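A.B. asks: Following this message is one structure expressed as structure tokens.
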Amino acid sequence: MMGMSRDQGRLGDISAFEEQSRTATTLDQLTALIDATIRQFGFRWFALLHNVDLKRRSKNALMLTTYPARWIEEIIETRLYMDDPVHAACARSVSGLTWDRIGDFILPTARQITILERGRAHGLASGYSMPIRMAAEPDAMFTVARQSGHALSGEDMLTARLIGTTAFERARDLLDTDALSNVPVPLSPRQIDCIALVAQGKSDWEIAQILGLSRDTVHEYVEAARRRYGVRRRTQLVLRAVRDGHLNIDALV
């Protein structure tokens, strides 16, 4: 009886999330709602990604996440996204997988094992990732993660599936509206060239050599763009430029 009551409470919370998601009018509001909901079920972080494989430009890129900022910065700075074992394994899964089962779907390389270790160092000890598939479109992916390494239960995985599909459907509805309400920050072609090279880990001196500019000029291009976005770190600048569609994503790979 207690188990039935607990399950009914869980379903009630998921139903409440579905209803509340309809009231979200921006992607930021939806992100906050997803965050609050997953925490009810013992998760600490989530990520919802679509058309964000950093291999091509897309006007419909969707990237909602509460991952630790330093982990996101490390992913960009060291280009870990190119060998992400979670994405690789999830692409071969029908309905999703817990991270301790990655080896059932792929044979992780040494670099991929290191990526998992780095994620744990940032607190992401265990998680569940699921593909969301649609005809004629790349897979989307929804992930929830915990700080503890405790195994996820069947109820946990079902909960993540229901939240993930609901969140994705609402995010897709909001994507065009959100794009209209968030006007991209204007950048010059030279600023975009410099930021693309920053994303590849190049220093100001290296960028200057590649583009045939002085080091001071490169520095000013990048810093002016950073000031326009109002961000403190260059990795934050790269993420904002990607979100605004300024970067030719092929340049990051």
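A.B. asks: Just the Kirkwood number for segment 189-252, please: inverse of mean 1/r across all distinct Cα pairs, in Å, one decimal.
C.D. replies: It works out to 11.4 Å.
A.B. asks: Here is a follow-up. Along the principal axes of its C-alpha atoms, what lengths does the chain span, in descending order and rounded to whole Å?
C.D. replies: Rounded to whole Å, the extents work out to 73, 43, 34 Å.
A.B. asks: Could you run the Karplus curve 6.51 cos²θ - 1.76 cosθ + 1.60 with θ = phi - 60° over segment 79-92 and give me ³J(HN,Hα) per residue in whole Hz, x for Gly and Pro?
C.D. replies: Working through the residues one at a time gives 6, 5, 4, 6, 10, 4, x, 5, 4, 4, 6, 4, 5, 9 Hz.
A.B. asks: Here is a further query. For segment 27-116, what D do you get in µm² per second when you plug the Kirkwood radius from alpha-carbon pairs into Stokes-Einstein at 37 °C and 0.692 mPa s?
C.D. replies: My calculation gives 224 µm²/s for D.
A.B. asks: When a footprinting reagent is the concern and you count Cβ atoms within 10 Å, what order do D35, D100 take, fewest first?
C.D. replies: D100, D35
A.B. asks: Right, something else. Comparing L116, L27, L213, which has the greatest mean-square fluctuation in the GNM of the chain with Cα pairs linked when under 10 Å apart?
C.D. replies: Sorting by GNM fluctuation, first place goes to L213.
A.B. asks: Helix-only mean residue ellipticity at 222 nm, the chain, DSSP H runs n ≥ 4 weighted -39,500 (n - 2.57), per residue, nearest 500. What is it?
C.D. replies: Value at 222 nm, helices only: -17000 deg cm²/dmol.
A.B. asks: With a cut-off of 8 Å between alpha carbons and a minimum separation of six or more residues, what is the relative contact order of the chain in percent?
C.D. replies: 22 percent
A.B. asks: Turning to a different aspect of this structure: Taking amide H positions as placed 1.01 Å from N in the peptide plane, with prolines and chain starts having none, which residues 5 or more places from R233, or on another chain, fall under 5 Å of its amide H?
C.D. replies: Here the answer is none, since no amide H 5 or more places off falls under 5 Å of that of R233.
A.B. asks: Using 0.36 nm per residue, how much length does the chain from T217 to I106 gain when fully extended, once their Cα-Cα distance is taken away?
C.D. replies: Stretched out fully, the T217 to I106 stretch lengthens by 35.4 nm.
A.B. asks: Among V144, V231, V238, what is the fewest-to-most ranking by other Cβ atoms within 10 Å?
C.D. replies: Going from sparsest to densest Cβ surroundings: V231, V238, V144.
A.B. asks: Report, in order of residue number, the helices in the chain meeting two criteria: a C-alpha extent of 24 Å or more along the helix axis, and a mean Kyte-Doolittle hydropathy of at least -0.5; treat each whole DSSP H run as one helix.
C.D. replies: 154-181
A.B. asks: While we're here: Express in nm, to one decimal, how much length is gained between E155 and D173 on full extension, taking 0.36 nm for each residue of separation and deducting their alpha carbon distance.
C.D. replies: 3.7 nm
The numbers here are math on the coordinates, done by the rules we state, and not lab data. On a predicted model such as this, the values are computed, not experimentally measured, just so you know. Heads up, the Cβs are rebuilt from the backbone with ideal geometry, glycines too, and the neighbour counts pull from every protein chain shown.
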